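**Q** Dumping the structure here so I can ask a few things about it.
Derivation of every value follows stated rules applied to the coordinates shown; laboratory data play no part. What you are looking at is a predicted structure, and each value in this text was computed from that prediction instead of being measured. Neighbour counts are summed over all protein chains in view; Cβ atoms, including those assigned to glycine, are modelled from backbone coordinates with ideal geometry.
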Amino acid sequence: MLLAVIAGAAIGLVAWLVLGPRSDKSPVTKARIEHLVARRPRGQVQFVLCNQEIVASRTPRRKPPQTWTCDTYLGRSKAHTQNGPSYQVIVSHERIKSIRRVPPH
């Protein structure tokens, strides 16, 4: 019985360390977005380049959502990379709302 409780606690601790705390209030950074996008495509991702899109609006909003466009580069090594899929990332209120695949540019 004690062994089962200890095993359950160990599994819970490992899951918490892997998934991270859910009350993460740190701001979304370019590096964090690039890390999450690099985990999306199949194959060996060599690097990811993300750029924030700035779009002017006639009706200014207090905290408009941020839109990022990320391009992935796949290959065996950095010398042998090819364009991979592109992704659009929407950030609103310091949280990533969506990551979706878009046509490459």
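**Q** Can you tell me the dipole magnitude for the chain around its Cα centre, using point charges on the Cβ only (Lys, Arg +1; Asp, Glu -1), in Debye to the nearest 20? Before the final figure, lay out the partial values.
**A** Values: 17 positive and 5 negative charges, 63 e Å.
Charge dipole of the chain: 300 debye, to the nearest 20.
**Q** Toward the positive end of the charge dipole of the stretch 26-102, about the Cα centre and with charges on Cβ (Lys, Arg +1; Asp, Glu -1), which of PRO41, PRO64, TYR87 goes farthest?
**A** It is PRO64, whose Cα lies furthest towards the positive end.
**Q** Using θ = phi - 60° and the Karplus curve 6.51 cos²θ - 1.76 cosθ + 1.60, what whole-Hz ³J(HN,Hα) does each residue of the stretch 43-54 get, with Gly and Pro shown as x?
**A** x, 8, 7, 7, 6, 10, 10, 10, 10, 7, 8, 10
**Q** With Cβ to Cβ distances under 13 Å as the rule, what net charge do the other residues near PRO65 carry (K, R +1; D, E -1)? Write out the running numbers ahead of the final one.
**A** Values: positive: ARG61, ARG62, LYS63, ARG95, LYS97; negative: GLU53, GLU94.
That works out to +3.
**Q** Computed FRET efficiency, Cβ-Cβ of VAL5 and SER26, R0 41 Å: what is it to the nearest 0.05?
**A** Values: r = 33 Å, r/R0 = 0.80.
The formula returns an efficiency of 0.80 here.
**Q** Above 23 angstrom, tally the Cα pairs of the chain and express them as a % of all pairs, no decimals.
**A** Working: 2509 of 5460 pairs.
Distances greater than 23 Å cover 46 percent of the Cα pairs.
**Q** Here's another thing I want to ask about it. Give me the percent relative contact order of the chain, please, defined on Cα pairs under 8 angstrom at least 6 residues apart. Spell out each step's value before the answer.
**A** Working: 146 pairs, mean separation 22.4, N = 105.
Contact order relative to length: 21 percent.
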